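**Q** This is the structure, below, for whatever I ask next.
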Amino acid sequence: MPRITKQKRLLNEEVDKMNYLFSAYDLHNNISKKTKDIGLATVYRFLNKLESENLIHSFMCDNKKIYSSNKVSHAHFKCEKCSKIKHIKIKNLDFLSDFVNESICHFQIELTGVCSDCK
């Protein structure tokens with residue numbers, strides 16, 4: 001059984017609190033308030049391990065990798081003119097049932113167009 005170090009315990013506790021989409025920088029900033037002993041490289045290795053074990057999911061948003069610890073999905077709208085990104089909450093996947101017969105764990109949808117401010 002792998003040893004649980006103080007760093008892993010702190011990182012696990014912090015990820016468990018993050019029930020929203022977050023980046024490695026977000027996690028590192030939160031951890032840095034508690035200890036200066038955990039560097040950004042350690043955070044990235046930790047998140048990669050969790051992802052490889054299917055304990056968290058990752059998505060690409062604005063060319064950055066973001067993570068979900070509570071298996072939330074990710075959808076957003078990006079304006080072609082001003083590049084503003086708006087995150088969209090999709091609560092019901094019924095619209096996908098016409099296209100997919102498999103069991104969906106999580107998804108990512110990116111919509112692109114012109115936002116209401118730029119119309």
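The values are calculated or read from the model by the stated rules, or taken from the named source; none is laboratory data. None of the values given here were measured: they were computed from a predicted structure. In this analysis, Cβ positions are derived from the backbone assuming ideal geometry, glycine residues included, and neighbour counts consider all displayed protein chains.
Let's see how each residue does on (1) among the β-branched types (Val, Ile, Thr); (2) at pLDDT 90 or above:
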residue	(1), (2)
Tyr25	no, yes
Ile31	yes, yes
Phe46	no, yes
Glu51	no, yes
His76	no, no
Glu80	no, yes
Lys84	no, no
Ile88	yes, no
Asn92	no, no
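**Q** A further question on this structure: Return the pair list, or none, for Cβ contacts closer than 9 Å from residues in the stretch 51-70 that are closer than 14 Å to Tyr25 by Cα and polar (S, T, N, Q) to residues that are at pLDDT 85 or above and part of a loop (DSSP other than H, G, I, E, B), at least 6 apart or on different chains.
**A** Partner pairs satisfying both residue conditions: Ser68/Met18; Ser68/Ile56.
**Q** For the stretch 107-119, does any single residue satisfy the condition of being surrounded by 10 or more Cβ atoms within 10 Å (Cβ to Cβ), touching a Lys or Arg at 6+ places or on another chain (Cβ under 8 Å), among the β-branched types (Val, Ile, Thr) and farther than 19 Å from Ile66 by Cα?
**A** Yes, the stretch 107-119 contains a residue that is surrounded by 10 or more Cβ atoms within 10 Å (Cβ to Cβ), touching a Lys or Arg at 6+ places or on another chain (Cβ under 8 Å), among the β-branched types (Val, Ile, Thr) and farther than 19 Å from Ile66 by Cα.
**Q** Testing Lys89 on (1) assigned by TED's automatic domain parsing to the domain that holds Ser23; (2) out of contact with any strand residue (DSSP E or B) (no Cβ under 7 Å at 6 or more places or on another chain); (3) among the charged types (D, E, K, R), one condition comes back false. Which one is that?
**A** It fails just one condition, (1).
**Q** Residue by residue through the stretch 71-106, note down the ones that are without any contact (Cβ under 8 Å) to a residue 24 or more places away in the chain, of a type outside the set (A, V, I, L, M, F, W, C) and surrounded by 13 or more Cβ atoms within 10 Å (Cβ to Cβ). Reasoning before the result, please.
**A** We begin by selecting, within the stretch 71-106, every residue without any contact (Cβ under 8 Å) to a residue 24 or more places away in the chain; these are 83, 88-104.
When the remaining residues are screened for being of a type outside the set (A, V, I, L, M, F, W, C), the result is 83, 89, 91-92, 94, 97-98, 101-103.
Within the stretch 71-106, none qualify.
**Q** Can you give me the number of residues within the stretch 28-41 that are of a type in the set (S, T, N, Q) and within 13 Å of Arg9 (Cα to Cα)?
**A** So in the stretch 28-41, the residues of a type in the set (S, T, N, Q) come out as 29-30, 32, 35.
Now drop any that are not within 13 Å of Arg9 (Cα to Cα), which leaves 35.
Adding up the residues that qualify gives 1.
**Q** Regarding the stretch 9-22, can at least one residue be identified that is within 30 Å of Gly113 (Cα to Cα) and touching a strand residue (DSSP E or B) at 6+ places or on another chain (Cβ under 7 Å)?
**A** The answer is yes, given that some residue of the stretch 9-22 is within 30 Å of Gly113 (Cα to Cα) and touching a strand residue (DSSP E or B) at 6+ places or on another chain (Cβ under 7 Å).
**Q** Read through the list (1) within 30 Å of Lys119 (Cα to Cα); (2) touching a residue at least 24 places away in the same chain (Cβ under 8 Å), then give the number of the only condition that Lys34 fails.
**A** (1)
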